[in-house]
1. Once you have all Cα-Cα distances for the stretch 1-62, histogram them in 5 Å bins from zero and send the whole-percent values.
2. How would 234, 208, 83, 125 line up from fewest to most surrounding beta-carbon atoms within 10 angstrom?
3. So for the stretch 72-120, averaging the separation of alpha carbon pairs under 8 Å that are six or more residues apart and normalising by length, what relative contact order in percent results?
4. Provide, for q = 0.10 Å⁻¹, the log10 of I(q)/I(0) from a solvent-free Debye sum over equal Cα point scatterers in the chain.
5. Give me Rg/Rg_expected for the stretch 35-84, where Rg uses Cα atoms only and Rg_expected = 2.2 N^0.38 Å with N residues.
6. With θ set to phi - 60° and the Karplus curve 6.51 cos²θ - 1.76 cosθ + 1.60, what are the ³J(HN,Hα) couplings of the stretch 88-94 in order, to the nearest whole Hz, using x for Gly and Pro?
7. Among 92, 287, 189, which comes first, second and so on when ranked by fewest other beta-carbon atoms within 10 Å?
8. Can you list the residues, at least 5 places off or on another chain, whose amide H is less than 5 Å from the amide H of residue 174, using H built in the peptide plane?
Amino acid sequence: MSLVTSKGMLIDAKERNYAVGAFNANNIEMAQGIIKAAEEKKSPVIVQVSQGGAKYAGIEELGAAIKKMAAKSEVPVALHLDHGVDYKYSVLALRAGYTSIMFDGSLLDFEENVKITKKIVEMGHIAGVPVEAELGEVPKDPEKISLDELDKYKTKPEEAQKFAERTKVDSLAVAVGSMHKMKVQEAELDIEQIKKIKKRVSVPLVLHGSSGVTNKSVIEAINAGICKVNVHTHIAKSFTERTREVLEKNSNMVDLRKYLKEGREALYEEVKNKIQIFGSEGMAAKL
C-alpha cells in the first residue's frame with residue numbers, strides 16, 4: 001500500500017462503523033512513530049500537518065518526508081493539511097502533493113465560510129483531492145473557556161445540512177463538546193447532537209480536539225457517526241514527557257537521536273492505543 005487520499009478511508013469507516021485516526025506530525029520522528037503504529041495495527045492512517053506545523057517544518061519539506069514514508073508503508077497513508085485557515089495554504093498543500101486538505105473557516109460567519117470553502121472544494125476536486133471543512137467552533141484555549149461554556153459553539157444540525165449541500169465538502173468537522181489543547185481527558189461529547197447531524201449530513205463526520213475527551217465518549221461518538229478522529233495534544237504530550245524524563249535522568253546527554261528516539265517510542269505506543277479505541281485495527285486489508 002502507499003500514499004492515498006482520505007476519501008476512500010472515510011467512506012469505508014462510515015460504512016463499517018469505525019474511525020480513522022488522524023495524527024499530527026511536526027517532525028520526522030512523530031511521522032515515523034505514527035506510521036509504525038498503524039503498520040503494527042494494520043490500520044489505515046492519516047498523517048496531518050497543521051498550518052502551524054507547516055510554518056515550523058516547511059509544508060513541502062515535511063510533506064516530502066511523509067510521502068516517502070507512505071510510499072514504503074504496508075498500510076494506506078493519507079497526507080492531510082490540518083486547520084488551513086489561509087487560502088494560500090490550501091494551494092501550497094495541493095502543489096506539494098498533499099492527498100487531503102482541510103479549510104477551517106469556523107471563525108468566519110456562515111456565508112463567508114461557505115464561499116471560501118466552496119472555492120477550495122472546487123480547486124481540490126479538480127486535483128482529485130478531498131476537502132474537509134469545519135462548521136461550529138472547537139475552541140483552542142481551555143484555560144479561558146470552561147467545558148460548561150461549549151454549548152454556544154456547537155454545530156447546528158440544520159446549518160450543517162445546508163453547509164454540506166452548498167459546499168460539496170467530502171467530510172465535515174463538527175463542534176460537539178470538545179476543545180483543542182486539553183491535556184486531561186475529561187470532556188464528554190454531545191452524542192445526541194452527533195446523531196442529529198448525521199441524519200442531516202451524508203458525508204463522514206470529523207471530531208477535532210479529541211485529546212481532552214474521555215475514551216468512553218470517543219467510542220460513543222464513533223458509534224453515533226464520527227468517522228475521523230484528530231489527535232495532536234495527546235501524542236505530543238507523550239512525546240515531550242518521555243523526552244523530558246530521559247534528559248532529566250541524563251543531564252549531560254547531547255545526542256538528540258537518543259532522546260528523540262525515546263519520544264518517538266512513547267508516541268508510537270499512544271498511537272497504537274488510539275487506533276484500538278477507534279476500531280480501525282485490521283481495517284487496512286479491507287480497503
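None of the figures in this text is laboratory data; all of them are computed from the coordinates on show. Everything quoted here is computed from the prediction, not taken from an experiment. Reconstructed Cβ throughout: ideal geometry from the backbone, glycine too, with neighbour counts over all protein chains shown.
1. Percent of Cα pairs in each bin: 4, 17, 25, 24, 17, 9, 4, 0.
2. Ascending Cβ contact count within 10 Å gives the list 125, 234, 83, 208.
3. On the way: 48 pairs, mean separation 17.3, N = 49.
Dividing the mean separation by the residue count of the stretch 72-120 yields 35 percent.
4. Result of the Debye calculation: -0.48.
5. Values: Rg = 11.1 Å, N = 50, 2.2 N^0.38 = 9.7 Å.
Relative to the 2.2 N^0.38 Å estimate, the stretch 35-84 comes out at 1.14.
6. 4, 6, 5, 5, 4, 5, 5
7. Starting with the residue having the fewest Cβ neighbours, the order is 287, 92, 189.
8. Here 206, 208 satisfy the definition.
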